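*Asks:* Once you've had a glance at the structure underneath, I'll fire off some questions.
The values are calculated or read from the model by the stated rules, or taken from the named source; none is laboratory data. As the structure is a prediction and not an experimental result, all values here were calculated from the model. Heads up, the Cβs are rebuilt from the backbone with ideal geometry, glycines too, and the neighbour counts pull from every protein chain shown. Note: accessible area is taken over every heavy atom of the protein model, side chains too, but ligands, DNA and RNA are not part of it. Shrake-Rupley method; radii C 1.70, N 1.55, O 1.52, S 1.80 Å.
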Amino acid sequence: MHVTDLVPDPAALERIATGSTWAEGPCWIPATRTLRWSDIPGDRILQWHADTGVVDAYAEHVEFTNGRTLDRDGSVVQCSHGRRRVERDRGGVVEPIVDGWGGGRLNSPNDVVVARDGSVWFTDPAYGITQPREGHPGEREYGDHWVFRCGADGEDLRPVAVDVDEPNGLAFDPDERVLYVASSSSDEPVIRAYDRRGPLLKNGRVFARLERGEGVPDGIRVDVHGNVWSSSHRGVVVFDPTGARVGAIPVPETVANLCFGGDDGTTLFLAAMTSVYRIATTVRDAAAI
Ligand code: MG
């Protein structure tokens with residue numbers, strides 16, 4: 001397989017929005033035909049309207065939201081650094097899902113996915129309590145930074161991976177038998193894979209590694225064929241289901257996160273520093289099956 005099997009024309013990359021401070025957490029919202037993303041240091045959520053190309057603020061003073069995902073009921077599950085929680089936005093009404101574990105607050109949830117059974121899986125690195133522009137200063141109240149899983153309403157919260165150096169983006173394979181977790185460690189910039197057994201993860205191992213000069217992986221997505229699409233400092237890197245490198249799509253800015261969307265789900269949207277880009281692909285997100 002060649003990367004042009006997935007992205008027929010890499011040069012057709014199009015910038016559709018600019019003016020963010022640090023764009024993250026893109027999510028296609030089918031009901032409104034909008035792309036929604038976080039401008040973390042700007043403390044706002046922006047949106048691009050597919051009908052008009054207009055960009056405006058969906059919400060401001062949002063307590064530093066980061067990653068988000070669409071739930072099956074059309075609500076949006078998102079991470080808030082400032083509130084140190086995972087929360088649900090249902091038509092603009094935002095309510096908490098989970099904000100603490102073991103008697104302490106979470107650090108600053110970064111990215112989140114919802115499995116088909118409704119369970120919520122998220123990473124909890126400390127950027128929102130250590131980086132002044134990305135939240136509020138604070139302590140690691142449970143003393144580490146882990147990957148967690150809980151039920152749809154926050155019940156049965158439990159750590160599921162405690163061995164990721166710098167947990168960040170995450171995504172399931174098409175069967176939800178494997179969870180991939182990006183580790184944004186400059187010493188070891190890898191994507192790890194875990195076998196999912198119900199609410200547990202087993203058999204953690206290195207799945208793929210970014211090359212020198214590509215920086216660290218942040219957001220990741222999996223397509224219907226099981227290929228893993230990773231953000232990098234140079235753009236997007238694609239790995240096949242065995243972890244072999246398929247190729248790269250160059251982007252002029254550091255890509256923080258990505259998502260599939262558009263009316264048929266085959267447009268890849270990239271949140272990249274000040275801008276959001278899009279490019280046509282031949283695939284859809286694994287979760288769209
Ligand atoms: Mg992230």
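*Asks:* So, G135, is that one over 16 Å from the mean Cα position of the chain (by Cα), in contact (Cβ under 8 Å) with a residue 40 or more places away in the chain and closer than 25 Å to T21 by Cα or not? Break it down into steps so the answer makes sense when it comes.
*Replies:* On the way: over 16 Å from the mean Cα position of the chain (by Cα): yes; in contact (Cβ under 8 Å) with a residue 40 or more places away in the chain: yes; closer than 25 Å to T21 by Cα: yes.
Considered against the rule, which asks whether it is over 16 Å from the mean Cα position of the chain (by Cα), in contact (Cβ under 8 Å) with a residue 40 or more places away in the chain and closer than 25 Å to T21 by Cα, G135 comes out as yes.
*Asks:* Out of L210, L258, L201, L270, which single residue is hydrophobic (A, V, I, L, M, F, W, C), within 16 Å of the ligand (Cβ to nearest atom), buried (at least 19 other Cβ atoms within 10 Å of the Cβ) and without any contact (Cβ under 8 Å) to a residue 60 or more places away in the chain?
*Replies:* Step by step, each of L210, L258, L201, L270 is checked, and only L210 is hydrophobic (A, V, I, L, M, F, W, C), within 16 Å of the ligand (Cβ to nearest atom), buried (at least 19 other Cβ atoms within 10 Å of the Cβ) and without any contact (Cβ under 8 Å) to a residue 60 or more places away in the chain.
*Asks:* Got at least one residue in the stretch 130-145 being within 16 Å of the ligand (Cβ to nearest atom) and either assigned to a strand (DSSP E or B) or closer than 21 Å to R245 by Cβ (or both)? Before you say what the answer is, go through the steps one by one.
*Replies:* Our first condition is that a residue be within 16 Å of the ligand (Cβ to nearest atom); within the stretch 130-145, this holds for 130-131, 133-135, 145.
With either assigned to a strand (DSSP E or B) or closer than 21 Å to R245 by Cβ (or both) added as a condition, the list becomes none.
Taking every residue of the stretch 130-145 in turn, none turns out to be within 16 Å of the ligand (Cβ to nearest atom) and either assigned to a strand (DSSP E or B) or closer than 21 Å to R245 by Cβ (or both).
*Asks:* Mind checking which residues of the stretch 237-289 are basic (K, R) and farther than 14 Å from I220 by Cα?
*Replies:* R245, R278 - these are the residues of the stretch 237-289 that are basic (K, R) and farther than 14 Å from I220 by Cα.
*Asks:* What number goes with the only condition from (1) open to solvent by 40 Å² or more (accessible area, probe 1.4 Å); (2) touching a helix residue (DSSP H, G or I) at 6+ places or on another chain (Cβ under 9 Å) that G226 does not pass?
*Replies:* (1)
*Asks:* Let me ask something additional. Within the stretch 109-120, does at least one residue satisfy the condition of being at negative phi, open to solvent by 10 Å² or more (accessible area, probe 1.4 Å), touching a strand residue (DSSP E or B) at 6+ places or on another chain (Cβ under 6 Å) and within 16 Å of the ligand (Cβ to nearest atom)?
*Replies:* Scanning the stretch 109-120 turns up at least one residue that is at negative phi, open to solvent by 10 Å² or more (accessible area, probe 1.4 Å), touching a strand residue (DSSP E or B) at 6+ places or on another chain (Cβ under 6 Å) and within 16 Å of the ligand (Cβ to nearest atom).
*Asks:* Under 8 Å by Cβ, and 6 or more places apart or on different chains, what pairs join a residue from the stretch 156-180 that is closer than 18 Å to V120 by Cβ and among the acidic types (D, E) with one that is away from the ligand (no atom under 16 Å from the Cβ) and part of a loop (DSSP other than H, G, I, E, B)?
*Replies:* Final answer for the pair search is D156/P199; D173/G226; D173/P241; E176/A115; E176/R116.
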